[in-house]
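Notes to accompany the following structure.
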Amino acid sequence: MKAIIINSFNRNDKLIYTELPVPTIKADEVLVQVKALSVNPVDVQTHGGTGISGRLKDQFPIILGWDISGVITAVGEAVKEFKVGDEVFGMVNFPGHGKAYAEYVAAPAAHLALKPTNVSHEAAAATTLAALTAYQALLQQGKLTQGQKVLITAAAGGVGHFAVQIAKHIGAHVIGTSSAANKDYVFSIGADEHIDYNTQQEDKVVNDADLVMDNVRSQDFAATIKTVKNGGTYIKIPNGVPDEMKQLAAERGINAFFYLVQSSGADMKVLADLLGKGILQPNLNLYDFSQMELAHEQQLKGRTRGKIVVSIKM
Ligand SMILES: NC(=O)c1ccc[n+]([C@@H]2O[C@H](COP(=O)([O-])OP(=O)(O)OC[C@H]3O[C@@H](n4cnc5c(N)ncnc54)[C@H](OP(=O)(O)O)[C@@H]3O)[C@@H](O)[C@H]2O)c1
């Protein structure tokens, strides 16, 4: 099968297209013929020696990628839920070795859900790591409920655009940040208020958010924590919360923490339902498997609206 590997943690080294044996599957796994996959910041971060490179450092050659949608071609003997021919999607083995940049992926059945039949493989592949992050952070970790006020930074990005749609769907009051270029888009996916981070300071606009989902690495913690009400919740997605900021938050009864997304077939089923009903609408930036370098270049720019998705045509 065709696959893309890296042999070093160095972004200057090109991605390597190669031929590898089709993976063998364990009893609890299925073999998925990949039709589309999506790219995340963690792919390029890991290639550059950050991201989850520490967890993968003994596993060269590394096949990057975690997000797939495709068709099952073989089923492990312990798998009861899926059969050959089923169309499935999910985030495979995160935060481990996902091996998604390939024509075939061995995936734990417990990480997958059936793809809604009315949705393309590209849209399904988009609605995986970023959507799980939004869902798990907002609803499971942040316990966001109807009527609450939520501030979502980088609302036009992969995680942010799903977060806005999920928060709106449950009836929260949603404030999203982006550049002016994405203002109309952020409103179009359900935001009630918009903050242009280039011209407005968030803490001058909001000081009573029940929950802040902060998707921007460079965000000024000291300022952003002021947007959370006393006793509220602040979830940092790109990196950890420094101890001094945890202290600042604790003084106001704010629960401030980093959250790392986890593979979950149960959560994928919830996303499949929302996707099939059109409640989640991923914005797609499409590439072909031969264009992975271009897809990575776009990811590195950090300005993507929605998701970068790569199709595999056999
Ligand atoms: N902890 C976890 O489990 C987890 C999971 C997923 C992602 N992450 C991390 O979370 C971050 C976001 O991921 P992503 O997939 O959403 O990235 P992404 O799709 O690459 O984000 C791109 C978006 O960021 C926006 N943006 C850039 N700078 C901004 C700023 N200063 N303020 C507001 N928006 C800004 C851009 O909007 P404009 O063009 O309008 O500026 C663009 O739409 C990354 O650092 C990623 O590594 C962590």
Longest to shortest principal axis, alpha-carbon extents of region 1-155, angstrom: 52, 41, 26
Overall dimensions of region 188-314 as given by Cα atoms, namely Rg and Dmax in Å: 17.9, 57
What number, rounded to the nearest 500 deg cm²/dmol, is the helix-based mean residue ellipticity at 222 nm of the chain, given -39500 (n - 2.57) per DSSP H run of at least four residues and division by all its residues? -6500 deg cm²/dmol
Quick one: order ILE68, ILE195 by neighbouring beta-carbon count within 10 Å, fewest to most. ILE195, ILE68
In whole percent, what relative contact order does the chain give with Cα contacts below 8 Å and a gap of six or more residues? 19 percent
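How much net charge surrounds VAL32 when only other residues with a Cβ under 12 Å from its Cβ are counted (Lys, Arg +1; Asp, Glu -1)?
In short, -2.
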Taking the Cβ of THR73 as the centre, find all other residues whose Cβ is under 13 Å away and add up their charges (Lys, Arg: +1; Asp, Glu: -1). -2
When the convex hull of the C-alpha atoms of region 130-258 is computed, what volume per residue in Å³ does it have? 85 Å³
Relative to 2.2 N^0.38 Å, what does the C-alpha radius of gyration of region 252-297 come to as a ratio? Two decimals please. 1.78
Which net charge results for the neighbourhood of PRO108, defined as the other residues with beta-carbon distances under 13 angstrom from its beta-carbon, given Lys and Arg at +1 and Asp and Glu at -1? -1
After finding the eigenvalues of the alpha carbon gyration tensor for the chain, what semi-axes result from the square roots of 5 times each, listed largest first in whole Å? 33, 21, 18
Percent antiparallel among DSSP beta bridges confined to the chain, nearest 5, equals 55 percent
Taking a cut-off of 12 Å between Cα atoms, list the aspartates and glutamates near LYS168, but don't count ones fewer than 8 places away on the same chain. ASP192, GLU193
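Any read-out appearing in this document is the output of simple, stated calculations on the displayed coordinates, not a laboratory observation. Quick caveat: nothing in here was measured; it's all calculated off a predicted structure. Positions of Cβ are backbone-derived with ideal geometry, glycine not excepted, and every protein chain shown enters the neighbour counts.
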